[in-house]
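Since the structure comes first, as structure tokens, the remarks are kept for the end.
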Amino acid sequence: MKQRIIFLAMLCAWCLCISAQVKVVAHRGYWKAEGSAQNSLASLSKADSIGCFGSEFDVWLTGDDNLVVDHDRTFKGVNMEESTLKEIRSITLNNGETLPTLDEYLQRGKDLNTRLVLEMKPLGDLNREDLAVTKIIQALLKYGVLERTDIISFSLNACIEFRKALPDTKIYYLDGDLAPAKIKALGFAGIDYSMAAMRQHPEWTEECHKLGLEVNVWTVDKEEDLRYFIDQGVDIITTNEPELLQRMLK
Ligand code: MG
């Protein structure tokens, strides 16, 4: 009986240890909060206000070489890659904000505590991707937020270009098609893969950790899925339900 109690106590301590390590990233900011909207300035502030480790957002290069924060390639009938900044700025988000520029986003983020998890969207042309990488780096330096920023992208080209230019910044690849050993060889900080990819390759979490890589999984919203990945020992969970995940980790 005594041995059983000791075993259970050790198991609980182990579970708590794993839970405490999981970091919460709000997907497209905390957009489900009142007065918020996906990728809005409010969503960034609200992710910070509840103490998220990080707040994720998406960045496009516009047709006239400006950077804006938005998820969809075409949003409210406006194509991000083909339109001018002026055309894109005519878009009003669902909380009444004007669709933000990256400058506005970093201006808001620079005085907050939450990490900035910047996703650069893949573009139709690799030269334009390289231009976007250069301009994003310039913006991060301008606002003094480089050390608080992690970079993620589905574009392997963009990840490689960021890696070359920013040796100390954490870069995570999103597409789910590269095994941990390849990610290590590319010099990235880790993987940031979908739930589907991580369920297909549950062994990748341990493989990453053995290689000194971090594991981030997206976009995990249901309690049963959150529990699965907490128990698996991933490092970061990107979620539309940051408060639910925070409660589960307490
Ligand atoms: Mg994103």
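The values are calculated or read from the model by the stated rules, or taken from the named source; none is laboratory data. A quick note: this is a predicted structure, and the numbers were derived from the prediction, not measured. Neighbour counts run over all protein chains shown; Cβ positions are idealised from the backbone, glycine included.
Against the condition crowded, with 23+ Cβ neighbours inside 10 Å, acidic (Asp, Glu) and under 17 Å from Glu129 (Cα atoms), how does Asp70 come out, does it pass? So Asp70 fits the description; yes. If you go through region 80-118 and keep only what is hydroxyl-bearing (Ser, Thr, Tyr) and either over 26 Å from Lys170 (Cα atoms) or not in a loop (DSSP other than H, G, I, E, B) (or both), you end up with Ser83, Thr84, Ser90, Thr92, Thr98, Thr101, Tyr105.
Residues that are more than 28 Å from Ile50 (Cβ to Cβ) and in contact (Cβ under 8 Å) with a residue 24 or more places away in the chain within region 109-133 comprise Pro122, Leu123, Gly124, Leu126, Arg128, Glu129, Asp130, Leu131, Ala132, Val133, listed in sequence order. Restricting Tyr30, Tyr105 to residues that are among the aromatic types (Phe, Trp, Tyr) and in contact with a Cys (Cβ under 9 Å, 6 or more places away or on another chain) narrows the list to Tyr30. Here Thr219 clears all of (1) hydroxyl-bearing (Ser, Thr, Tyr); (2) crowded, with 19+ Cβ neighbours inside 10 Å; (3) within 26 Å of Leu44 (Cα to Cα); (4) out of contact with any Phe, Trp or Tyr (no Cβ under 8 Å at 6 or more places or on another chain) except the condition numbered (2). The set of residues in region 110-149 being within 16 Å of the ligand (Cβ to nearest atom) and among the polar types (S, T, N, Q) consists of Thr114, Thr149. Please go through region 132-157 and pick out each residue that is under 22 Å from Ala26 (Cβ atoms) and either among the hydroxyl-bearing types (Ser, Thr, Tyr) or in a helix (DSSP H, G or I) (or both). Listed by number, the residues that qualify are Ile136, Ala139, Leu140, Tyr143, Leu146, Glu147, Arg148, Thr149, Ser153. Here Ile160 passes the criteria (1) β-branched (Val, Ile, Thr); (2) assigned to a helix (DSSP H, G or I); (3) without any contact (Cβ under 8 Å) to a residue 24 or more places away in the chain except the one numbered (3).
Within region 170-184, does at least one residue satisfy the condition of being in contact (Cβ under 8 Å) with a residue 40 or more places away in the chain and over 20 Å from His71 (Cα atoms)?
For region 170-184, residues in contact (Cβ under 8 Å) with a residue 40 or more places away in the chain and over 20 Å from His71 (Cα atoms): present.
Scanning region 121-164 for residues that are more than 15 Å from the chain's Cα centre (by Cα), among the aromatic types (Phe, Trp, Tyr) and under 24 Å from Gly190 (Cβ atoms) turns up just one, Phe162. For Asn113, the stated conditions hold: it is of a type in the set (S, T, N, Q), within 28 Å of Pro242 (Cβ to Cβ), at pLDDT 95 or above and out of contact with any strand residue (DSSP E or B) (no Cβ under 9 Å at 6 or more places or on another chain). For the criterion of being surrounded by fewer than 22 Cβ atoms within 10 Å (Cβ to Cβ), without any contact (Cβ under 8 Å) to a residue 24 or more places away in the chain and among the polar types (S, T, N, Q), Gln232 fails.
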